[in-house]
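Below: the structure, in structure tokens.
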Amino acid sequence: MRKIYVIGIGAGDPDHLTLQAVKALNEVDVFFLLDKGTEKSDLIRLRHEILERHATGRPHRLVEARDPDRDRDRTAGGAAYAGAVDDWRGRRADLYARMITDELGDGTTEAGDGGSDTGDRSVGAFLVWGDPSLYDSTLAILEEILERGTVHFEYEVIPGISSVSALAAKHRIGLNRVARPVQITTGRRLAEGWPQDADDVVVMLDAHQSFRHHLADDPVIYWGAYVGTEDEILVSGRLSEVAGRIEELRAEARARKGWIMDTYLLRRD
């Protein structure tokens, strides 16, 4: 049986790897890496750095493939957005299935039986930015492949340090207050309104600075971009006082690097 590790590698700092993750890295024969284009080459470079530093226990191969493009024009919300995501995940599932089939042996080839040279390569891994359980599609895609019934494997998930945890650590805050809930949502949903029954809201995937819709409430914002990397930017303060600065910093960073990953916590009195 083929085995797949889904390994959380943290929010950008190679030191974010846990001892469990390092142990798993050294059991892998084939690492699957997705190329997201030249603008996001930093993401591939970090993965190479992690493997050079930590995957030293056994020989391994790297298999890179171009990540399927996503239809960004169908992101107005509702059914159109869900359809775009489903289509993109389906094409990713096709790619993952081919990579697993072509690059991993099924573990059944015995020495001397004349099998292919991939017969003993039965352990693969996907290196997931942050934590695989938080705003990542890898687990859902692997489940979709298994449901198709054409490729068989088992998989194990290694948790990682998420951008949310890294953000809280950098700002030296807790995500929630005593006996009060915290909600994690997207910028798209925050633009529709403040979540009910939560005064502490973590926002991810916000391409349009949806915090601007809540300037009247004037919560405190703890914002971070590229958290854990050499390009890290941190801002905190009353939203009315720092919103403009965050927008300027975000626009400049995105223009300079071609991409941006940012996360923030809004804390309402």
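You can think of it this way: the chain between W259 and D13 has 86.8 nm of extra reach, that is 0.36 nm per residue less the Cα-Cα gap. Calculated FRET efficiency, T56 to A216, Cβ-Cβ distance, R0 = 45 Å: about 0.25 to the nearest 0.05.
The slack in the chain from D86 to V178, taken as 0.36 nm per residue of separation less the alpha-carbon distance, amounts to 29.3 nm. Ranking A225, G8, A243 by Cα position along the charge dipole of the chain, where only Lys, Arg, Asp and Glu carry charges on their C-beta atoms, puts A243 farthest toward the positive end.
Using θ = phi - 60° in the Karplus curve 6.51 cos²θ - 1.76 cosθ + 1.60, the 3J(HN,Hα) couplings for region 127-132 round to 9, 9, 4, x, 10, x Hz; x is entered for Gly and Pro. Gain on full extension, evaluated as 0.36 nm per residue between K36 and A140 minus their Cα-Cα distance, stands at 35.5 nm. Taking 25 °C and 0.890 mPa s as conditions, region 163-267 diffuses translationally at an estimated 178 µm²/s according to Stokes-Einstein applied to its Kirkwood radius (Cα pairs).
What stretch of the chain, leaving out the sites themselves, is the longest with no trypsin sites (Lys or Arg not before Pro) in a DSSP loop having at most 12 other Cβ atoms within 10 Å?
Details: sites that count: R172, R177.
Looking at the chain, 1-171 is the longest stretch - no exposed trypsin sites (Lys or Arg not before Pro) with at most 12 other Cβ atoms within 10 Å.
This model, with +1 at the C-beta of Lys and Arg and -1 at the C-beta of Asp and Glu, gives the chain a dipole about its Cα centre of some 640 debye.
Can you grab the distance from the C-alpha centre of region 197-222 to the C-alpha centre of region 132-151, Å, no decimals? Region 197-222 and region 132-151 have Cα centres spaced 31 Å from each other. Backbone N atoms of region 188-230 closer than 11 Å to the 7 Å Cα→Cβ label point of R238 belong to residues 218-220. The packing ranking of peptides 156-164, 178-186, highest mean first, is 156-164, 178-186, where packing means the average number of other beta carbon atoms within 10 angstrom of each residue. In the list (1) 52, 38, 30; (2) 73, 41, 40; (3) 58, 56, 38, the label attached to Cα extents along the principal axes in Å as derived from the coordinates here is (2).
All of the numbers you see were taken from the coordinates with simple rules; none came from a lab. It should be emphasised that the depicted structure is a prediction, and the values quoted were computed from it without experimental measurement. All Cβ positions, glycine included, derive from the backbone under ideal geometry; neighbour counts span all protein chains shown.
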